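Everything on this sheet refers to the single structure shown next.
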Amino acid sequence: QKKKLLEELGENRLPYMTPADADFHQLWKTKYSKLIFRKSDTVPEELHQMVQEGFLTLRKHDCFFQDLVRIKGKDFVTPVSRILIGNPGCTYKYLNTRLFTVPWPIEGYDIKYCSPQIHDACKALIRLNDYLHIEAVKALQGQNLFETKESKDTTVIDREQNFATSLTEKGSVSKDQSSCCVPEDDYVSLKNRTSYNVTLLNYMDPLQMLYLKQEPYFGMGNMAVSWHHDENLVERSTVAVYSYSCEGSAMEESNEQKLRGRDPAVWHVGLKVAWDIETPGLAMPLHQGDFYLMLDDLNMTHQHCVLAGFSPRFSSTHRVADCSRGTLEYIFGQCELALQNLQTDSDSMALSLKSLETAVVKQVEEIHNEVEFEWLRQFWFQGKRYLKCTDWWLKPMAKLEEFWRKMETMTSLVLSEVGKEEQIEKQRNETISCFLLVLTERQKLRKEWTAR
């Protein structure tokens, strides 16, 4: 699609607008209405201070890392350095690389941080997370009110505002809904789509980068992050981004210049309608402490990029990661399922398999691959770096390795069983053919990971 679009464009560039353009607000309202933008003066000063100190602490402790990601079978190092902070045991996968959360401090978990400052930084980010959750609920409410305000009287509007307040204050679905006319399904849906479980923090100093890609469609200049949709998210969930560019006096001077297009000194978020060359793009300037929300399906229908300014910049990008296959709880559950097929003889302590049914063997071997390639290798591939913040992941990883060793034993047991004379030939052939597929995949992935 990208190639086709660039061929169509040739030497031309598509139009885009910034707030300096007369029709900017009209374009925003009609084509990008699910982008909500808030200036820094709307955020409590104390929160700014905590979060910005947290960023600088993590930077000082070398906790930001460039990721090795895989695109179309090739490995690339990201220009932006990142760290994932969030619910204990959560992971977030993008471009074939799984990141493991540095857990933020929440009740019921014993998390040892490498220093009190790192603890404070993680605590600041959970505070920001709570704040952005409330703002996202209000924004979704606001959109609903805006779309239907002609047909509503003020009492209904008041009740809907109570709904937003009660949802955000309690942090959960209100039990007493007598005062509210909103169906329970809407409560649950609103909560599910705004309860951020991770934040991916980014840091980049553009002046340290030897080369940055040029934005290809509109001629917007240097890109820190290319055009993309955020992946691995709960459907129609909101993404919230808090931006902190370390602007100095040199930046302010540059801001005074009225340039055509975007000011190259200032960081911007760029938006475009995905694979569309009719609608002009949007470039929104990001100053210290601003934040924006991408509501509902905006992340699916549109693409966004980050345009680099001159100063170093941090951002905290809060997401509702789709953790259906990405939590410790999930993978431990899978391991327990696989190990149900392993039994120990009470006298000789010899291990054997309960069943050689094709479906059972296939399921166990697929879980074996999942543990090895989606968890253990993903973790140890870049996981030692997390030790700069906390050793929280070491115990669960040791437990997963223990499960993996048992599954290696199970693989050997299948091999020895299918080699036995007394096996019925038809069943043996079925077992071997399905088993071989999973083993071939394992061999291929081991070679790939060794190369990575």
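For this structure, a couple of remarks:
- Probe 1.4 Å, accessible area per residue of the chain, Å²: 51
- Three-way shape call for region 1-138 based on the alpha-carbon gyration tensor, with the a/c threshold at 1.5: oblate
- With both labels modelled 7 Å from their Cα along Cα-to-Cβ, the Asn96 to Leu436 distance reads 2.6 nm.
- In region 274-354, Cα pairs under 8 Å separated by at least six residues give a relative contact order of 15 percent.
- Value of D in µm² per second that Stokes-Einstein yields for the chain, Kirkwood Rh from Cα pairs, at 25 °C (0.890 mPa s): 99
- Kirkwood Rh (inverse of mean 1/r, distinct Cα pairs), region 328-451, angstrom: 15.8
- Extension gain, Cys246-Trp380: 0.36 nm per intervening residue step, less the Cα-Cα distance, totals 44.9 nm.
- For peptides 208-215, 43-50, sequence by mean Cβ density within 10 Å, most packed first: 43-50, 208-215
- Of the solvent-accessible surface of the chain, computed with a 1.4 Å probe and all protein chains present, 51% belongs to carbon and sulfur.
- Cα shape, region 1-65, gyration tensor, a/c 1.5 rule: oblate
- Using equal-weight Cα scatterers in the Debye expression, the normalised intensity of region 300-366 in log10 at q = 0.19, 0.20 Å⁻¹ is -0.92, -0.97.
- For region 12-22, 3J(HN,Hα) computed residue by residue from phi via the Karplus equation (6.51, -1.76, 1.60; θ = phi - 60°) reads 6, 10, 6, x, 9, 10, 10, x, 6, 7, 4 Hz, glycine and proline entered as x.
- Dipole axis of the chain (+1 Lys, Arg; -1 Asp, Glu on Cβ), positive-most option in Ser226, Tyr292, Phe55: Ser226
- Whole-number percent relative contact order across region 328-451, with pairs defined as alpha carbons under 8 Å at least 6 apart: 34
- Spin-label pair Asp205/Lys426, simplified geometry with 7 Å Cα→Cβ offset, distance in nm: 7.1
- Karplus-based coupling profile of region 271-279, in residue order and whole Hz: 10, 8, 6, 4, 6, 10, 10, 8, 7, with θ = phi - 60° in 6.51 cos²θ - 1.76 cosθ + 1.60 and x standing for Gly or Pro.
- Cβ-derived FRET efficiency at R0 51 Å, Ala20 paired with Glu329, nearest 0.05: 0.55
- Protection-proxy order for peptides 234-243, 417-426, each taking the mean of Cβ atoms within 10 Å per residue, highest first: 234-243, 417-426
- Charged side chains reduced to their Cβ positions (Lys and Arg at +1, Asp and Glu at -1) give the chain a dipole of some 1040 debye around its Cα centre.
- Sequence-separation-based contact order of the chain, relative, with Cα cut under 8 Å and 6+ spacing, percent: 20
- In Hz, Karplus ³J(HN,Hα) per residue of region 439-444 (6.51, -1.76, 1.60; θ = phi - 60°; x = Gly, Pro): 5, 5, 4, 4, 5, 4
- Under the simplified labelling scheme, the Lys72-Leu337 pair shows an inter-label distance of 3.5 nm, with each label point 7 Å from Cα along Cα→Cβ.
The values are calculated or read from the model by the stated rules, or taken from the named source; none is laboratory data. Quick caveat, the model's predicted, so the values are computed rather than measured. Positions of Cβ are generated from backbone atoms using ideal geometry, with glycine treated the same way; all protein chains shown enter the neighbour counts. Note: areas computed on protein heavy atoms with side chains; ligands, DNA, RNA excluded. Shrake-Rupley method; radii C 1.70, N 1.55, O 1.52, S 1.80 Å.
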